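Before we start, here is the structure in question, set down as structure tokens.
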Amino acid sequence: MIKIISPSRLHLTLIDLNAGIGRVDGSVGITLDSPHICISAEKADSIEVIGKSHLSDRMLAAAEAVMPDSCGIRITIEEDMPDHVGLGSGTQSALCAAMAVNELYALGMSVRELAIAVGRGGTSGIGVASFKSGGFLVDGGHRFSDKGAFSPSAASRADPAPILFRHDFPDWDIILALPDTKGAHDVQEVDIFKQVCPIPLREVQDISHTILMQVMPAIIEGDIENFGCAVNHIQAVGFKRREIELQSQPVRDIIEFMQDSGTYGAGMSSFGPAVYGFIDSKIQGKRIQKDVQDILDETIGGSVMITHANNSGAMITDTEA
């Protein structure tokens, strides 16, 4: 019996959706300890996924993609996470199932090879790297000639992007608001890329400068103030600004409220609607958590939690060892 606990992730921004110098995408992200996915798996005569979850079909397809001939697996979903909210459930659920097959049948495949086999990481490499190693991550995107178009991961067959920078994320509290709505996905997500890309080069240069000279040094030095300033700035430029403009008014209000109420930076993960903020005071964090919960209760519903970074990646255990 294999047990796998897979982290979620915050996707802070895509870096380059201009592609003027030959590369596209590039991502910045943070691996989260919670929410997470937890599965147990054992060999079986067929391929089946047990447990009522919106992630069941993804896990079934991923297991089928790597399963050796005439073999099977029984996957039990013990915990899942919400889908289409900006936490990377698609990549994590697929990698959980594929890794379970890999471990049970000693296939010897790397996390990257599994991601390619199940078709994940075609735009952002953050989810794949979060599963592998956790931490704060920056990836280098893809050759535009390989992708041929501006497109989300779900519509791209490119291999996972190379990781350029990985560092343990500081032990800061992270407020995570999960409004009771869904972010753009599938056809809608593809259409958004078509409509807003290419992003003007000056905005891409602005984002790149901010990441290289503000975000990354702040992570290394544990400088929450400069990190937060950079996060706030990222929300107002590039593809992230376009993503936020598509959100409902309550989601935009929560981002603004967090930025104004004492967090060291707040923003939206991926296509949302998940909103996050960084703090270094538990008392302050509890106050902001309550205030944001009140906003959600009075508008679109949802929940708020305080979580932390995961700096180790997925946890894989052989429970019979």
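The values are calculated or read from the model by the stated rules, or taken from the named source; none is laboratory data. Keep in mind it's a predicted model, so treat the numbers as computed, not measured. With ideal geometry, Cβ positions are generated from the backbone for all residues, glycine too; neighbour counts draw on all protein chains shown.
Tell me, which helices (runs of 4 or more DSSP H) wholly within the range 86-132 include 2 or more residues that are surrounded by fewer than 23 Cβ atoms within 10 Å (Cβ to Cβ)?
So the answer is 89-104, 111-118.
Next question, about the same structure. Residues Phe239, Phe278: which one is among the aromatic types (Phe, Trp, Tyr), in a helix (DSSP H, G or I) and in contact with a Ser or Thr (Cβ under 9 Å, 6 or more places away or on another chain)?
Only one candidate passes the filter, namely Phe239.
Just to check your reading of the model, which residue among Pro198, Pro170 is in a loop (DSSP other than H, G, I, E, B), surrounded by fewer than 21 Cβ atoms within 10 Å (Cβ to Cβ), in contact with a strand residue (DSSP E or B) (Cβ under 8 Å, 6 or more places away or on another chain) and not charged (D, E, K, R)?
It is Pro170.
Sticking with this one: How many of the residues making up the range 1-16 are farther than 17 Å from Gln92 by Cα and surrounded by fewer than 24 Cβ atoms within 10 Å (Cβ to Cβ)?
So the answer is 1.
I'd like the residue in the range 56-80 that is among the acidic types (Asp, Glu) and assigned to a helix (DSSP H, G or I) and, out of all such residues, is modelled with the highest pLDDT.
Glu64
I would also like to ask the following. Just one of (1) under 16 Å from Asp180 (Cβ atoms); (2) surrounded by 15 or more Cβ atoms within 10 Å (Cβ to Cβ); (3) touching a Leu at 6+ places or on another chain (Cβ under 8 Å) trips up Thr299, so point out which.
Every condition holds for Thr299 apart from (3).
So, one more: Anything in the range 255-272 that is assigned to a helix (DSSP H, G or I) and either closer than 20 Å to Ile126 by Cα or touching a residue at least 24 places away in the same chain (Cβ under 8 Å) (or both)? List them, or say none.
Those that are assigned to a helix (DSSP H, G or I) and either closer than 20 Å to Ile126 by Cα or touching a residue at least 24 places away in the same chain (Cβ under 8 Å) (or both): Phe257, Met258, Gln259.
Would a scan of the range 33-53 turn up a residue that is closer than 24 Å to Ala177 by Cα, in contact with a Lys or Arg (Cβ under 9 Å, 6 or more places away or on another chain), part of a strand (DSSP E or B) and touching a residue at least 60 places away in the same chain (Cβ under 8 Å)?
no
What are the pairs, 6+ residues apart or on separate chains, where a residue within the range 229-254 that is under 17 Å from Asp294 (Cα atoms) has its Cβ under 6 Å from a residue that is aliphatic (A, V, I, L, M) and part of a loop (DSSP other than H, G, I, E, B)?
That search, which allows pairs on different chains as well, returns Pro250/Ile300.
Test His185 against the stated conditions and say whether it is in contact (Cβ under 8 Å) with a residue 12 or more places away in the chain and more than 18 Å from Ser8 (Cβ to Cβ).
For His185, the condition - in contact (Cβ under 8 Å) with a residue 12 or more places away in the chain and more than 18 Å from Ser8 (Cβ to Cβ) - is not met.
Please go through the range 26-55 and pick out each residue that is at pLDDT below 95 and either crowded, with 20+ Cβ neighbours inside 10 Å or of a type in the set (Ser, Thr, Tyr) (or both).
Passing the criteria: Ser53, Leu55.
Cβ contacts < 7 Å: first residue on the phi > 0 side of the Ramachandran plot, restricted to the range 303-321; second residue small (Gly, Ala, Ser) and modelled with pLDDT of 95 or more, any location; separation 6+ or different chain. Result?
Taking only residues 6 or more apart or on different chains, the pairs are Gly313/Ser130; Gly313/Ser133; Gly313/Gly134.
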